[in-house]
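The values are calculated or read from the model by the stated rules, or taken from the named source; none is laboratory data. Everything quoted here is computed from the prediction, not taken from an experiment. Cβ placement follows ideal geometry from the backbone for every residue including glycine, while neighbour counts extend to all protein chains displayed.
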Amino acid sequence: MTEFVQSPALSRGPGGPDGPQDFARVRRIVKTDEFSSVFRLRPVQRSAHFVLYTRDNQLPHARLGVVAAKRFAPRAVTRNTIKRVTRELFRVSRLPAIDCIVRLSRPVNSKSGPATATSLKTALRLELQRLFAPLIAGAK
């Protein structure tokens, strides 16, 4: 019988001097009541397609929730791309101990256009970086 050995590149270790480089379950907002408690607050930032809600938490790290409704991104591929890009930016950002929810608030593309393209990913990444920028600057 062969053993499966996970390569170091795939492991979810501490990530080096900048802190954790993973997106473990403890860094996610997953329960409905946790989402509701953050949604009760006013939006902190808005961009062309997203709304960012934040709330202080009592944990030693930040947590993230992403909401991408089907009515604003009809294709699952597009919704998953939005979530993937958001999680990646959150993972590499140094945020204070807060709960963040990023909600898609306007349509990003239609069923007639391409589901995902390099230009869409780049535009989403830039927009989300601008959304997170004040939080990152406040953490320093």
When residues of region 41-72 are limited to those that are outside any strand (DSSP E or B), at pLDDT below 90 and aliphatic (A, V, I, L, M), the one surrounded by the most Cβ atoms within 10 Å (Cβ to Cβ): Ala62
Pairs where the first residue, in region 57-78, is at positive phi and the second is surrounded by 14 or more Cβ atoms within 10 Å (Cβ to Cβ), C-beta under 7 Å, 6+ apart: none
